[in-house]
Structures are given as C-alpha cells and as structure tokens.
Amino acid sequence: MSTVWHVLGAGSLGCLWATRLSRAAIPVRIILRTPQRLADYRAAGGLRLIEESQTSLYPITAELPTTAEPIQRLLVACKAYDAETAVASVAERLLPGAEILLLQNGLGSQQAVAARWPSSRCIFISSTEGGYRPADFQVVHAGHGENWLGDPLDQRPPTWLRDLATAGIPCDWTADIETRLWRKLAINCAINPLTVLYGCRNGELLAHREQLSQLCEELRRVLMACNQAEAAHALEDEVLRIVEATANNYSSMHQDVRSGRRTEISFLLGHACQSAQRQHVRADELNALLQRLQLFLMQHGLPPD
Ligand code: NAP
C-alpha cells in the first residue's frame, strides 16, 4: 500500500493537487478545519476539478484534524498566514520522519514550520500553476506551470516524485529552492504592491519606471546581504520583462484586494523589509511602500498583515 497523501486545506491548490492524485489512484485524504466545513464538503459530494470547461467530481475521503490516523506525508495547501496553525492542528498525528510539503508563497511561513517540527522533513514548493475557486470545493485549473520542490537541508530527491509525474502534476527537484522562492518574492515586491496602490494593471507600472528601479535596487541589496546573489542577478531586467509580458493582467495581490481577500504581505514585502532590518540594509523605499500598503489595506477593511 503506498503512502497516503494528507492534503491540509481544500482551497485552490489543495483541490488541484488532491484531485489529480486521486485521478491517478494515489491514496489521498483531505483535512478540513471544522465539523461545519466537513459537513459542507459532504453536502458537495467531493472535490470538483474544472479543466477546459469539463468538470470532474472526485469523492475523496475528508477528515478533521482530530482524526486518529497517523500522517507520513502532509501537503500544506493553506495561505502562508494559516500554515503554522494548520500544521499545529495535526502535529500529534505526524509520524517520526514525516514529510511536510509546503506550497506557500513568499518566505517565513516555511521556516517557521521547519523550526517548530525539526523531526519532520520539510520540503518547500514554489508553484507557478494557477487555480481559482468558483465555489467551495471546486477549482478551475487556470494556468499551467511548474512546481519546483526542494529541501534546503537535504539535497536528495524523494522517490515519490515519479508519482507526481504519473498524476500529471508537473514537478522538478531543485537544489536551489530558496533562490527560487527569494527571486519570486523579490519580483512580487517590485510589482504587486504598486499595482494595488495605483489600482492598475501590471503594464501601467511602466509609467513609474523610476520607482520600480529604486525598489529593484533596494531589493537587490537585501538579496545580496542575505547571500542570495543568484536571486539578485539582473532583477530589474526581469521585473521589466514580466511587467511588459503581463501588461494586461491584474496582479494576484490586486485581485485579492479587489475581492476583499486577505493578502500574504507579511510573507512578501513584509519579509523583505524585516530581512533588510536584520541585515542592516537601508531600505527606505521598501519600508515606505509597506507603510502605504498597510494603510491602504486598513482603509479598505483588510488586515494589514
Ligand atoms: P485558498 O484557495 O485560499 O485555500 C486555502 C485553504 O486553506 C482554504 O480552503 C482554507 O479553508 C484552508 N485552511 C486554512 N486554515 C486551515 C486549517 N487550519 N486547517 C485546514 N484547512 C485550512 O489558497 P490557495 O490559492 O490554494 O493558496 C495556497 C498557497 O499557495 C498560498 O500561499 C498561495 O500564495 C500559493 N499559491 C497559490 C496559487 C494559486 O493559483 N491559487 C499559485 C501559486 C501559489 P477554508 O476554505 O475553510 O477557508
């Protein structure tokens, strides 16, 4: 019997992973946070994966964190601000040497989980796949991408990577997962907050070239101070390339704010500002941007963290 994948959180990415694992006949359970969510799930009859307008239903077994079954492999599919609390809710069930796979964007939440559960193997994932929820327990597979997996403490790839490939979940093992996460964080810091504050599409940031340039220079210095030279390489060029290539898109943070959803800023721009402070790097533009963004969020009734 192969190892059960326990998927913690049945949001966009949780659904995207659980449904594809289930389709490949890989044993999977989803863990929902409350009896009410479990009742809602049972009423829905399972998870729905919507691909190219085709909907498939997967009646995957769901359970509460308090279920007795031990956990060998846990895929944490919550937002960064929920990850540590969510893992704590199932921590007693983790077997010695259990694997915790962390899908969170930004940085900080993965390190908090790894520090708190040192006897587990924590694998960080940087995902460029895209999914959104048209309704509870449904996901639209909106963007094909890649999942980069890595373990900063152990370079050996797990044997189950081929299960993911069998399930049609694109994945690659990398020795530089932190570089990838830092690079993605830095690009996010340069683009996303400004799109929220200016209320604009990515391409409209080209009207604010000087500000983009100053942010990239500060981010570059923060990355260098954090021993992330590779993530810092030609950052501004890439930011400009992305802004142009996605000119008509609204950034994910812009979409979150417009839809009244909490952002993950503490793990993105907030993490960059904290790192600057810790490394004694001057970051006036980044700090001012964080303050303006926090004020904006509060004025729009959203948490500033
Ligand atoms: P999401 O749709 O908001 O789903 C998060 C899920 O976690 C929700 O269903 C929530 O439950 C659940 N949850 C929160 N706390 C929990 C707990 N204690 N126990 C059990 N479940 C809990 O988020 P997402 O879009 O999948 O994003 C997850 C992470 O992946 C984020 O860090 C995001 O930045 C990253 N990411 C997402 C995408 C994407 O396209 N969506 C792409 C790349 C990276 P409720 O439903 O009960 O609230």
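The values are calculated or read from the model by the stated rules, or taken from the named source; none is laboratory data. All values reported here derive from a predicted model rather than from experimental measurement. FYI the Cβ positions are ideal-geometry reconstructions off the backbone, even for glycines, and counts take in every protein chain you see. Just the protein is used for accessible areas: all its heavy atoms, side chains included, with ligands, DNA and RNA removed. Shrake-Rupley method; radii C 1.70, N 1.55, O 1.52, S 1.80 Å.
Results, tabulated for the structure shown:
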| quantity | calculated |
| --- | --- |
| Residue list for the stretch 241-293, filter: in contact with a Cys (Cβ under 9 Å, 6 or more places away or on another chain) and among the hydroxyl-bearing types (S, T, Y) | Y250, S275 |
| Failed criterion for K184 (all others in (1) in contact (Cβ under 8 Å) with a residue 12 or more places away in the chain; (2) farther than 17 Å from A234 by Cβ; (3) open to solvent by 20 Å² or more (accessible area, probe 1.4 Å) hold) | (2) |
| Cβ-Cβ under 7 Å pairs, at least 6 apart or on other chains, the stretch 37-56 side within 14 Å of the ligand (Cβ to nearest atom), far side open to solvent by 50 Å² or more (accessible area, probe 1.4 Å) and among the charged types (D, E, K, R) | D40/D136; A44/D136 |
| Matching option when the condition is outside any loop (DSSP other than H, G, I, E, B), open to solvent by less than 30 Å² (accessible area, probe 1.4 Å) and within 16 Å of the ligand (Cβ to nearest atom), among L194, L107, L149, L205 | L149 |
| Which listed residue, of A115, A142, is without any contact (Cβ under 8 Å) to a residue 12 or more places away in the chain and either open to solvent by less than 20 Å² (accessible area, probe 1.4 Å) or not in a loop (DSSP other than H, G, I, E, B) (or both) | A115 |
| Pairs where the first residue, in the stretch 283-298, is without any contact (Cβ under 8 Å) to a residue 40 or more places away in the chain and under 17 Å from R221 (Cα atoms) and the second is open to solvent by 60 Å² or more (accessible area, probe 1.4 Å) and part of a helix (DSSP H, G or I), C-beta under 9 Å, 6+ apart | N287/Q277 |
| Identity of the residue in the stretch 59-102, farther than 25 Å from R48 by Cα and assigned to a strand (DSSP E or B), that ends up nearest to the ligand (Cβ to nearest atom) | L94 |
| From R20, R29, R33, residue being more than 8 Å from the ligand (Cβ to nearest atom), open to solvent by 30 Å² or more (accessible area, probe 1.4 Å) and modelled with pLDDT of 95 or more | R29 |
| Test for L286: is it farther than 12 Å from C189 by Cβ and aliphatic (A, V, I, L, M) | no |
| Single unsatisfied condition, I177 versus (1) surrounded by fewer than 14 Cβ atoms within 10 Å (Cβ to Cβ); (2) touching a residue at least 24 places away in the same chain (Cβ under 8 Å); (3) of a type in the set (V, I, T) | (1) |
| Selected residue (criterion: nearest to C15 (Cα to Cα)) from residues of the stretch 118-130 that are open to solvent by 30 Å² or more (accessible area, probe 1.4 Å) and under 20 Å from the mean Cα position of the chain (by Cα) | T128 |
| Among residues of the stretch 38-58, those that are among the aliphatic types (A, V, I, L, M), within 24 Å of the chain's Cα centre (by Cα) and in a strand (DSSP E or B), counted | 3 |
| Members of the stretch 213-252 found to be without any contact (Cβ under 8 Å) to a residue 40 or more places away in the chain, among the hydrophobic types (A, V, I, L, M, F, W, C) and open to solvent by less than 70 Å² (accessible area, probe 1.4 Å), listed by number | C216, A229, A234, L240 |
| Restricting the stretch 118-139 to residues that are in a strand (DSSP E or B) and among the polar types (S, T, N, Q), the residue that is nearest to the ligand (Cβ to nearest atom) | S127 |
